[in-house]
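For reference, the structure discussed in these notes is given below.
The values are calculated or read from the model by the stated rules, or taken from the named source; none is laboratory data. Worth saying up front: this structure is predicted, and the values here are computed from it rather than measured. Don't worry about glycine lacking a Cβ; one is built from the backbone with ideal geometry, like all the others, and counts go over all protein chains shown.
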Amino acid sequence: MLILSTGAIIILGIMQVGIHSQRSAIVQKSATSAYEVQARNKAYTAAQLAMERINESAGTWYPKKDSPWIEAIDGDSISLYYKLFQSSDPEPYPFSYLDEDTVEIYAKSWYRTSAKNKKEDFDLITTYIKSAMHFVPEFKSAMSFATDDFTISASGSSSISGNNPNAPGECEDRPAIATMSENAANMVSTNIDGDRLISDSTGVAYDPDLSYQPVDQLIARLRNSPGTRIINEEADGINYKGDLGTEDNPGVFFIEDDTKLTGGISEGYGILVVRSYGALAYDSSGVEMDIAGNFTFNGLVIFEDAYALDGKGTPTINGSVLVGKKDETTNNIMDVEISGNLHIQYDCLAEKYAQVAAAKELMQNRYKRLSTYE
Amino acid sequence: MNFGIIISYVIAGFLMLTILTVSYNVGYSNQEVATTNIKQTHSLAITQILINDIPKIGYDKKAVLTTKFEKADSVELSFFSNLDNSGSVEKITWKYYPQITPEHAKNPHARILTRTIDGDETALNAGVTAFTIRYYDNYGASTPMPTPINTSNFDDIVQIEIEMELQSDYELNYRVSDSGNYVNTIWKKRFSPVNLRPN
């Protein structure tokens, strides 16, 4: 009897071991599913990291299929490379900076199956449209007042035009002046002779959506950007003789003291910001700057908490002028005098110079996902 | 009369009964676990195909398809995708027939599940006894959209949940008098196909 009992117990033990191994197999199958999810998440994380690296490197970081980027995420490595497809309708330089390119990211991550201890991989292909971010507000008129704290007058042969200056259809006609409120629009209409305001749209319009925010944030970021040129008396003296950007290289310029352009500068491109206590005077009576006898800035001119543009010559602003206050709670009133031969001309092509100038400084891309294959 | 021998035989009898009972239980448990393992393997074969297909809904090279679905029902899902990332978009249909039992199926609860790609149909006869598809228009929502999904609501779908049950081909009854006990394995997953995400 004892022998029989012993034999039975031994057989039971062997069967129990068999059951245990089968239960382990069931659990391993569930664990493999969890590893698959983890591998998937790592591949997506790798794609996100890749976009950040592209931004930080201004596009110089470019791992390719034969030399992928290998990185460890959460203990396991991933492999990633991307393909870049230029826009099918590229703009001429420098506007090509704003072209929308297509980025196709190939990410691979690995996991090991518990059941067979076999290495499995997870492949992810995700495609994005990459475009440079500039945060330059859309030009809605030749001259916009993003504040109601101003007075305005005009004299001489000055004029403001919202009409398309280029080939037909290139730009939409816009108002000559836009204000935030109807009261301000009425004030402008009263104080400015309608002959000075040229527009097939309307001379003066009010836009309740007009706001100085987020332009103030854009200005704050550009002010601290390494490529931005700060023009002040300490660095440049009263007479600024540097450049204000070129057609191929529009720039960002901050005028923070009284400055005269006397260095023969006849053209500027990009974004020009005149800040508190800053005033820009264009003195055309000197010998040095008389090449064409006029000065043209192409892009966006922003007057923040200050307006003083004294043009004895024939200054022209192609693009748009924006007047605003950083802090609307302050009481300062800006006295806007449009005098001499100043001409402000709305131009949607000049808007692109402002966009390129801002994009080059911000070095930030927007990624819009097109599709994902996993 | 040797009472010692009689008592020892009685004890031995109890012991044998106990051993036989335990042996039977262990044997039954062994069968149950083995059958579960087999059905899990069958389930894995189907779920791997589902996991390959569903996340690719609406995918095409460098674009998301405008028309992603053809039909979205609780037992049928028909969608479009460039499944192999080649040049062409295929129509993929998963369909469950709750009223039709496969020929030669030993389990009367088994039904037919098919996967069709551009008219090329494959029957997945692995003992599928239930297959339900639910659609959600919000991430993490607890209430599914009513089915069949109207064509005008296709673009609202952001998550798809699939629940599937497989049963063994044979009964596994503890007692001879029992009947109809089949080993179940259930699989459920909610997918969030990336190409259904509102950008």
Pairs only if they're at least six apart or on different chains, beta carbon under 7 angstrom, first in segment B:175-199 and within 13 Å of chain A (Cβ to nearest Cβ) and more than 25 Å from B:S142 (Cβ to Cβ), second not in a loop (DSSP other than H, G, I, E, B) and not basic (K, R); list them, first residue then second.
B:V183/B:E32; B:V183/B:T35; B:V183/B:T36; B:V183/B:Q167; B:V183/B:S168
What residue, among those in segment B:52-77 that are at the interface with chain A (Cβ under 10 Å from one of its Cβ atoms) and surrounded by fewer than 19 Cβ atoms within 10 Å (Cβ to Cβ), is nearest to the chain's Cα centre (by Cα)?
B:N52
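For the condition exposed (fewer than 12 other Cβ atoms within 10 Å of the Cβ), more than 14 Å from chain B (Cβ to nearest Cβ), of a type outside the set (G, A, S) and under 30 Å from A:T127 (Cβ atoms), what is the one hit in A:D89, A:D76?
Working: A:D76 fails: exposed (fewer than 12 other Cβ atoms within 10 Å of the Cβ).
Unique residue meeting the criteria: A:D89.
I'm trying to understand the selection: among the residues of segment B:7-37, which are aliphatic (A, V, I, L, M), farther than 16 Å from A:T6 by Cα and more than 10 Å from chain A (Cβ to nearest Cβ)?
Of all residues in segment B:7-37, those aliphatic (A, V, I, L, M) come to B:7, B:10-12, B:15-17, B:19-20, B:22, B:26, B:33-34.
After this cut, where a residue has to be farther than 16 Å from A:T6 by Cα as well, the list is B:7, B:10, B:26, B:33-34.
Hits for segment B:7-37 are B:I7, B:V10.
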Yes or no: A:D200 in a strand (DSSP E or B) and of a type in the set (D, E)?
no
Return yes when B:I38 is within 16 Å of B:I162 (Cβ to Cβ) and either of a type in the set (A, V, I, L, M) or assigned to a strand (DSSP E or B) (or both) and no when it is not.
no
Farther than 30 Å from A:Q22 by Cβ and in contact with a Leu (Cβ under 7 Å, 6 or more places away or on another chain): is that true of A:A154 in this structure?
no
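Between B:F154, B:F80, which is of a type in the set (F, W, Y), touching a residue at least 12 places away in the same chain (Cβ under 8 Å) and within 14 Å of another protein chain (Cβ to nearest Cβ)?
Working: B:F154 fails: within 14 Å of another protein chain (Cβ to nearest Cβ).
Just a single option satisfies the conditions, and that option is B:F80.
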Mind checking whether some residue in segment A:347-354 is at pLDDT 80 or above and farther than 30 Å from A:D193 by Cα?
yes
Give B:T116, B:T132 a once-over and let me know the one that is surrounded by 15 or more Cβ atoms within 10 Å (Cβ to Cβ), touching a strand residue (DSSP E or B) at 6+ places or on another chain (Cβ under 6 Å) and under 15 Å from B:E70 (Cβ atoms).
B:T116
Scan segment B:103-113 and tell me whether some residue there is buried (at least 18 other Cβ atoms within 10 Å of the Cβ), of a type outside the set (D, E) and facing chain A (nearest Cβ under 10 Å).
no
Check every one of the strands (runs of 3 or more DSSP E) wholly within segment A:224-292 and list those with 1 or more residues that are surrounded by fewer than 19 Cβ atoms within 10 Å (Cβ to Cβ), under 28 Å from the mean Cα position of the chain (by Cα) and modelled with pLDDT of 80 or more.
A:229-231, A:267-274
Within segment A:324-374, strands (runs of 3 or more DSSP E) holding 3 or more residues that are crowded, with 21+ Cβ neighbours inside 10 Å and within 14 Å of chain B (Cβ to nearest Cβ):
A:365-373
Which of the residues spanning segment A:150-204 are surrounded by 15 or more Cβ atoms within 10 Å (Cβ to Cβ), touching a helix residue (DSSP H, G or I) at 6+ places or on another chain (Cβ under 7 Å) and under 18 Å from A:P315 (Cβ atoms)?
A:I152, A:A154, A:S158, A:S159, A:I160, A:I177
When you look at B:Q48, is it more than 24 Å from A:R369 (Cα to Cα), surrounded by fewer than 17 Cβ atoms within 10 Å (Cβ to Cβ) and within 10 Å of another protein chain (Cβ to nearest Cβ), yes or no?
yes
